[in-house]
1. Quick one: what are the phi-derived ³J(HN,Hα) couplings along the range 313-328, Karplus 6.51/-1.76/1.60 with θ = phi - 60°, whole Hz, x for glycine and proline?
2. Expressed as a whole percentage, what fraction of the accessible surface of the range 266-340 belongs to carbon and sulfur atoms when a 1.4 Å probe is rolled over the protein heavy atoms?
3. DSSP loop chymotrypsin sites (Phe, Trp or Tyr not before Pro) in the range 122-223 with at most 13 other Cβ atoms within 10 Å of their Cβ, which ones?
4. By the gyration tensor of its Cα atoms, with a ≥ b ≥ c the square roots of the eigenvalues, what is the shape of the range 60-150: rounded for a/c under 1.5, prolate for a/b over b/c, or oblate?
5. In deg cm²/dmol and to the nearest 500, what is the mean residue ellipticity at 222 nm of the chain if only DSSP H runs of at least 4 residues count, each as -39500 (n - 2.57), divided by the residue total?
6. Over the chain, average the accessible area per residue using a 1.4 Å probe and give it in Å², no decimals.
7. Evaluate E = 1/(1 + (r/R0)^6) for L329 and T248, where r is the Cβ-Cβ distance and R0 equals 22 Å; express this FRET efficiency to the nearest 0.05.
8. Hey, what did the range 17-146 get for relative contact order, percent, Cα under 8 Å, at least 6 apart?
Amino acid sequence: MIIVLSQKASGQEKDSLRRDLEKRGFEIHESQGKTTTIWGLVGDTSSITEDELLAYDSVKTVRRIKEAYKLANREAKPEDTVVEVSGRKIGGGYFQVIAGPCSIESQTQITEVAESIRQAGAGLLRGGAFKPRTSPYSFQGLREDGLQLLLEAKKATGLPIVTEIMRPDAIPLFEEVDVIQVGARNMQNFELLKELGKLRKPILLKRGLANTLDELLMSAEYIMAGGNSQVILCERGIRTFETSMRNTLDISAIPMLKKKSHLPVVVDPSHAAGLRFMVEPLALAAVAAGADGLMIEVHNDPARALCDGPQSLTPAMFSELMDKVKKLLPLSGKQMEQGE
Ligand code: PEP
Ligand code: MN
């Protein structure tokens, strides 16, 4: 349930309403806009009527939200959420490109790729240390050693880093990681999401291979319900009957997610396509459709990559893509911010 407070409501009136609602067991999540204050009421809202709330002078309007996600709902917060990562903003007109290899393989590999994507204008560096692989015999990532190499690349380039977590007990290892990624396969690992909700750190939440947009938003809600409101959604392609590509990029997800939610939406065309030649057209389509950012896999030697070589761009291809993205961005009304 959403309560829009009257602009004339005094601090005292708001406090008294807050006390009454908390006494009835509700939790209040406040969204303070430029002119309007909105309260999202979380709890068993079937036990309260609109009329009971409208009886307070401090209440202007009340709306029942039918969707089960309340905090992620655009109705609870009409303005776009801007997630800030070391001075780099994503959402609300700010666009970021996250780039880097699928997995961290060696010091030379990650430092070379990091430097090349920085020069091309990427804002954040990605690289997997803990890899969720379909086969237990595939490369599983360099794990703790990989994280260490990623942190060194962060230091060398000044780029904030994004890397995937797979289990709650690994959280202490991610202290110096700027954005924690929840991969498609863990989108509904609810125990992991609950633990990430306790952090005050941005979370990049990827859509599951066969999950609906409402399911993605419910997973975001798990993180937000814990008090962590810095969630970035990521469309990365879904399973369809088509088999010529690894997945099918759901372009429609971009405007629909932005209608349903205030959270920033990033698109990963690399995992959607699984094929290098499709990464650029899909990336540009995502920008045109209103994405707030891109996540692109880049490798200095794709043919020898230990993971996802066929979809990895070379640094030169990435740089060309960046030039096109920069030209297209003004048309979508967004700007790229590189931080200080
Ligand atoms: C990744 O980004 O490294 C990854 C494994 O992607 P996804 O979870 O979308 O498959
Ligand atoms: Mn990958």
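1. Ordered by residue, 3J(HN,Hα) equals 7, 7, x, 5, 5, 5, 5, 5, 4, 4, 4, 5, 4, 4, 6, 7 Hz.
2. Taking all protein chains in place, the range 266-340 shows 59 percent carbon and sulfur surface.
3. Those that pass, being in a loop and sparsely packed, are Y137.
4. oblate
5. -9500 deg cm²/dmol
6. Solvent-accessible surface per residue comes out at 44 Å².
7. Using R0 = 22 Å, I get an efficiency of 0.35.
8. Relative contact order, the range 17-146: 14 percent.
The values are calculated or read from the model by the stated rules, or taken from the named source; none is laboratory data. None of these values were measured; they are calculated from a predicted model. Cβ: placed from backbone, ideal geometry, glycine included. Neighbour counts: every protein chain shown. Side chains included, ligands, DNA and RNA excluded: accessible areas come from the protein's heavy atoms. Shrake-Rupley method; radii C 1.70, N 1.55, O 1.52, S 1.80 Å.
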